[in-house]
Amino acid sequence: MTKRALITGVTGQDGAYLSQLLLARGYEVHGLLRRSASADVIAERLRWLGIQDQVKLLDGNLTDISSLIRVLNECAPDEVYNLGAQSFVKASWNQPLLTGQVTAMGAANLLEAVRLVRPQARFYQASSSEMYGMIQETVQNERTPFYPRSPYAVSKLYAHWLTVNYRESFAMHASSGILFNHESPLRGIEFVTRKVTDGVARIKLGLATELSMGNLDATRDWGHARDYVKGMWLMLQQEVPDDYVLATGRTTSVREFCRLAFAHVGLDYEEYVKVDPAFLRPAEVDVLHGDAAKARQVLGWAPETSLEAMIGEMVEADLARHGARMKG
Ligand code: GDP
């Protein structure tokens, strides 16, 4: 029997990699499509992976529960992955209510729609290491208390606890993956890693002369999105639903990330990186450092891509993108 999956946020980085993984495992993959941009831009990441024709896109919106009910009836999924969100931390201070509507209430809408229409489906909630915020322990695991530091993180925390609550209240197979930052060539340009690798490519190709950045001293536990979507899938293959941290266990500063990315093309970051206060945040998450021991033990999950290999892949992809544009 072919398994069917429904993914919200299917046009994002994780949605694209997860679609690829599920298709390779023989799933029928459906994606919730929020009609907002031009059709071209919408499928950009799926196209990059060469799977745009294999993912079935269904019109709907996390903020509109009637559309979720219709979509769940249409595709009758065995597994539902809630990856849709207003996911950029800095933007969440400019649009806190929208962030709450999509990231918090959107998850509530989807959990409720699944409970009503498809209660036997397994549910994955994309929770975030941002929920740890002002960290309460030097290394964070599933038992570490949360202290969110942005409207985004507060919204994610609501969605996380509602997932736990629906599991406990209604015996739903609902799991929450607390994923530390995960990146790739498909990462949105507003996130720091992709901003840096894109900047490195533009400087290397003579398209730019400097790169304006915010807080270089923040540190993050950066893994590769391709490795992390495998963890999401593994969570839903367990008999018992639960919450898991996915992380590499290595934390690196934004400054060191810049150094490595510029060094990949033989440049010294100190000559190009400038600090611009416009990129600082009203409240910062200084350090994130995850402990994925539980995922290793229970799921048999482990990250496979080193930070250096990922930076190399991202810089090369951005060099190729800008190179193609210059030729075109
Ligand atoms: P986040 O962990 O979800 O907020 O992921 P980001 O990639 O947006 O940011 C990671 C860290 O990089 C945060 O601590 C930011 O303050 C820091 N940072 C420093 N300069 C920049 C910048 O120019 N853009 C972004 N997005 N983040 C920056």
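The values are calculated or read from the model by the stated rules, or taken from the named source; none is laboratory data. These numbers come from a predicted model, not from an experiment. Neighbour counts run over all protein chains shown; Cβ positions are idealised from the backbone, glycine included.
Tally up the residues in region 238-265 that are assigned to a loop (DSSP other than H, G, I, E, B) and more than 12 Å from the ligand (Cβ to nearest atom), please.
Qualifying residue count, region 238-265: 10.
State all residues of region 151-183 that are part of a helix (DSSP H, G or I), within 18 Å of the chain's Cα centre (by Cα) and more than 16 Å from the ligand (Cβ to nearest atom); if no residue qualifies, say none.
Passing the criteria: Y158, T163.
Scanning region 67-87 for residues that are aliphatic (A, V, I, L, M) and free of Cβ contacts under 8 Å to residues at least 60 places away in the same chain, which turns out nearest to the ligand (Cβ to nearest atom)?
L68
Please verify whether E271 is within 19 Å of the chain's Cα centre (by Cα) and acidic (D, E), treating the condition exactly as stated. Steps first, please.
Details: within 19 Å of the chain's Cα centre (by Cα): no; acidic (D, E): yes.
Considered against the rule, which asks whether it is within 19 Å of the chain's Cα centre (by Cα) and acidic (D, E), E271 comes out as no.
Just checking, which of A121, A113, A91, A85 is surrounded by 18 or more Cβ atoms within 10 Å (Cβ to Cβ), closer than 22 Å to V285 by Cβ and hydrophobic (A, V, I, L, M, F, W, C)?
A85
Considering only residues of region 184-213 that are outside any helix (DSSP H, G or I) and surrounded by 18 or more Cβ atoms within 10 Å (Cβ to Cβ), which is farthest from the chain's Cα centre (by Cα)?
L211
Given the conditions (1) within 16 Å of the ligand (Cβ to nearest atom); (2) modelled with pLDDT under 95; (3) of a type in the set (K, R), report the number of the one that K327 does not fulfil.
If we test K327 against (1) within 16 Å of the ligand (Cβ to nearest atom); (2) modelled with pLDDT under 95; (3) of a type in the set (K, R), just (1) comes out false.
Quick one: in region 28-42, of everything that is part of a strand (DSSP E or B) and in contact with a Ser or Thr (Cβ under 9 Å, 6 or more places away or on another chain), which residue is modelled with the lowest pLDDT?
Result: L33.
State which residue pairs qualify: first residue basic (K, R) and inside region 1-28, second residue in a loop (DSSP other than H, G, I, E, B) in any location, beta carbons under 6 Å apart, and separation of 6 or more residues or different chains.
K3/Y27; K3/D78; R4/P77; R4/D78
Please go through region 43-66 and give me each residue that is among the polar types (S, T, N, Q), touching a residue at least 12 places away in the same chain (Cβ under 8 Å) and either part of a helix (DSSP H, G or I) or buried (at least 17 other Cβ atoms within 10 Å of the Cβ) (or both), ordered by number.
Residue satisfying the conditions is N61 alone.
Can you tell me which residues in region 273-308 are touching a strand residue (DSSP E or B) at 6+ places or on another chain (Cβ under 8 Å) and more than 16 Å from the ligand (Cβ to nearest atom)? Please lay out each step first, then the result.
Quick first cut of region 273-308, residues touching a strand residue (DSSP E or B) at 6+ places or on another chain (Cβ under 8 Å) only: 273-276, 278-279, 286-292, 294-295, 298-299, 301, 303-305, 307.
The answer is D291, A292, K294, A295, V298, L299, W301, P303, E304, T305.
Quick check: anything in region 227-237 in the same structural domain as E142 (by TED's automatic domain parsing), modelled with pLDDT of 95 or more, not charged (D, E, K, R) and not in a helix (DSSP H, G or I)?
Going residue by residue through region 227-237, those that are in the same structural domain as E142 (by TED's automatic domain parsing) are 227-237.
Checking the rest, the ones that are also modelled with pLDDT of 95 or more come to 227-237.
Right, trim to not charged (D, E, K, R) and you get 228-229, 231-237.
Now restrict to residues that are not in a helix (DSSP H, G or I): 237.
Yes: region 227-237 contains one or more residues that are in the same structural domain as E142 (by TED's automatic domain parsing), modelled with pLDDT of 95 or more, not charged (D, E, K, R) and not in a helix (DSSP H, G or I).
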